[in-house]
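> Please see the structure below; I have some questions.
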Amino acid sequence: MRISLKIIILLIVIYSINIQTLHAEQKIKIGLLVPLSGKQSNIGKSILQSVRLAINKINNSNIEILPKDTKNNPLETLIKAKELKLEGVKIVIGPIFNNNLAYLDELNEMVFLSLTNKNIKNPKNIISAGINASSQIKTIMKFKKIKDINRTIFLIPNTDFKEEIEYAISQSKIKLKHVHIYETSPTKLTRQIEKITMYKIRKQNVIDEIKRLEDSNEENKEWKIKNLKKKDTLGGINFDSVIVSDFEEGLKSIFTSLLYTDVSPQRVYYITLNQWFDESFLKEESLQPVYFPSINKENYDIFINNYKKIYNENPNQLSFLSYDLMGLIYYLLYQNNFEIDEKIFYKKNQFKGKVGIFEINKNKINHILNFYKVENKEFIKIF
């Protein structure tokens, strides 16, 4: 009886050791769907190199990255995703672009961490890992509370991204005075901004006040008239801040139009969405200060320097995000005893990455971001 018991105990120990060895030697296969040929291949290459940097940092030889070339084509993306499935992959970083998600709902036993920042109308097995509008608006809400900003208007360009912004506004419950949808053509844009800012009324106020003074017997009226003639408008505006969900030249056109209508950043807060520290804004002194939510700039600069040292070139912005996604996957797998299960993204969790803090819950990822302003030709962290 004692011998039998010893044998059973010995078998249990051996079995446990074998299981541990199996886990230690088990390959962790992570798919990567990016364009490695064609016009967008530079983005795909940069993401692949960043993922490899992350794997080197993790320093676990069992992690295996399986890159596939999507050629930035939806059908090719599906073909390559099916190849990954045959190779036993359940978790994939990518695709990058929203249009390449079209057919991936066929592979519902796989989960795709897409770098898109669009959250709506995606297949159920897609987790949007990009810096989405909801995360950015929540960060802006925090800034509004700090500065006691109460009369905010939101300007949204009439583009494909409009619906995403409107959804984020409704989900965040941000308090707004008004939401304006504007056309991006210069002529229409100028007319719309003039209407929003009541420019013609305020301009006419100057003319009317000068005439009133000229017809009056007020003291120092010449001095008052002289000062009025220096003004372009007279009278208040009904908002204290403006959020613009546009980028690059489109964003600058909006702010320039606001300046034209005598609504300067010294008068109202100019706020926008994540600009990835667009250095062209540093030169636009007349548009400063401009406020925006974004990733952690200090970590971003360190990442760029490390990347350049190894690859002798600048990384694409999305590379920084893909670097963190590899860390996020490893962190969640570690918590799950390295059982590769797509359900690890369903449980409520947080991961502190280089970008910022990732909030994971029910196959959704949001980001806790920092907040910055552009002023005096530099980026300044607010929080």
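The values are calculated or read from the model by the stated rules, or taken from the named source; none is laboratory data. If you're wondering where the values come from, they're calculated on a predicted model, not measured in any experiment. A quick note on method: Cβ atoms are made from the backbone with ideal geometry, for glycine too, and the neighbour counts reach across all protein chains shown.
> So Glu313 clears everything in (1) modelled with pLDDT of 95 or more; (2) of a type in the set (Asp, Glu); (3) under 21 Å from the mean Cα position of the chain (by Cα) except one condition, right? Which one?
All conditions pass for Glu313, except number (3).
> Tally the residues that are modelled with pLDDT under 95 and on the phi > 0 side of the Ramachandran plot, restricting the search to segment 118-163.
The qualifying residues number 1.
> When you look at Leu328, is it assigned to a helix (DSSP H, G or I) and either in contact with a helix residue (DSSP H, G or I) (Cβ under 7 Å, 6 or more places away or on another chain) or loosely packed, with under 15 Cβ neighbours inside 10 Å (or both), yes or no?
Considered against the rule, which asks whether it is assigned to a helix (DSSP H, G or I) and either in contact with a helix residue (DSSP H, G or I) (Cβ under 7 Å, 6 or more places away or on another chain) or loosely packed, with under 15 Cβ neighbours inside 10 Å (or both), Leu328 comes out as no.
Rundown of residues vs (1) of a type in the set (Lys, Arg); (2) in contact (Cβ under 8 Å) with a residue 60 or more places away in the chain; (3) under 26 Å from Ile340 (Cβ atoms), yes/no style:
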{"position": "Asn72", "(1), (2), (3)": "no, no, no"}
{"position": "Leu75", "(1), (2), (3)": "no, no, no"}
{"position": "Ile79", "(1), (2), (3)": "no, no, yes"}
{"position": "Glu83", "(1), (2), (3)": "no, no, yes"}
{"position": "Val111", "(1), (2), (3)": "no, yes, yes"}
{"position": "Asn158", "(1), (2), (3)": "no, no, no"}
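> Return the residues of segment 23-40 that are under 19 Å from Leu84 (Cβ atoms) and at pLDDT 95 or above; say none if nothing qualifies.
Answer for segment 23-40, where residues must be under 19 Å from Leu84 (Cβ atoms) and at pLDDT 95 or above: Lys29, Ile30, Gly31, Leu32, Leu33, Val34, Pro35, Leu36, Ser37.
> Search segment 217-248 for residues being part of a helix (DSSP H, G or I) and among the acidic types (Asp, Glu), and hand back the single one that is farthest from Ile137 (Cα to Cα).
Among those that are part of a helix (DSSP H, G or I) and among the acidic types (Asp, Glu), it is Glu222.
> How many of the residues making up segment 249-272 are polar (S, T, N, Q) and outside any helix (DSSP H, G or I)?
4
> For segment 27-86, give me the residue count where each residue is in a strand (DSSP E or B), under 23 Å from the mean Cα position of the chain (by Cα) and of a type in the set (A, V, I, L, M).
Looking only at that region, the number is 3.
> A further question follows. From the list Ile201, Ile149, pick out the single residue that is free of Cβ contacts under 8 Å to residues at least 60 places away in the same chain and within 24 Å of Arg267 (Cα to Cα).
The match here is Ile201.
> Sticking with this structure for a sec: Hey, could you check segment 333-383 for residues that are of a type in the set (Ser, Thr, Tyr) and modelled with pLDDT under 95 and say which is surrounded by the fewest Cβ atoms within 10 Å (Cβ to Cβ)?
So, considering only residues that are of a type in the set (Ser, Thr, Tyr) and modelled with pLDDT under 95, the one surrounded by the fewest Cβ atoms within 10 Å (Cβ to Cβ) is Tyr334.
> Cβ-Cβ distance below 8 Å, separation of 6 or more or different chains: which pairs start in segment 219-243 with a residue that is among the acidic types (Asp, Glu) and end on one that is surrounded by 13 or more Cβ atoms within 10 Å (Cβ to Cβ)?
Asp232/Lys203; Asp232/Val206; Asp232/Asp262; Asp240/Ile149; Asp240/Arg151; Asp240/Thr152; Asp240/Val268; Asp240/Tyr269
> Determine which single condition Glu106 fails, assuming it passes every other condition in (1) within 27 Å of Pro74 (Cβ to Cβ); (2) of a type in the set (Asp, Glu); (3) without any contact (Cβ under 8 Å) to a residue 24 or more places away in the chain.
(3)
> Considering segment 331-357 alone, what residues qualify as being within 24 Å of Tyr291 (Cβ to Cβ) and touching a helix residue (DSSP H, G or I) at 6+ places or on another chain (Cβ under 6 Å)?
Residues satisfying the conditions are Gly353, Lys354, Val355.
> What residue, of Tyr269, Tyr300, Tyr307, Tyr323, is touching a Pro at 6+ places or on another chain (Cβ under 9 Å) and under 28 Å from Lys147 (Cβ atoms)?
Tyr269
> In segment 244-271, how many residues are of a type outside the set (Phe, Trp, Tyr), in contact (Cβ under 8 Å) with a residue 40 or more places away in the chain and farther than 26 Å from Glu164 by Cβ?
3
> What are the residue pairs meeting all of these: first residue in segment 368-383, first residue without any contact (Cβ under 8 Å) to a residue 24 or more places away in the chain and assigned to a strand (DSSP E or B), second residue surrounded by 12 or more Cβ atoms within 10 Å (Cβ to Cβ) and of a type outside the set (A, V, I, L, M, F, W, C), Cβ atoms under 7 Å, and 6 or more apart or on different chains?
Ile380/Tyr372; Ile380/Lys373
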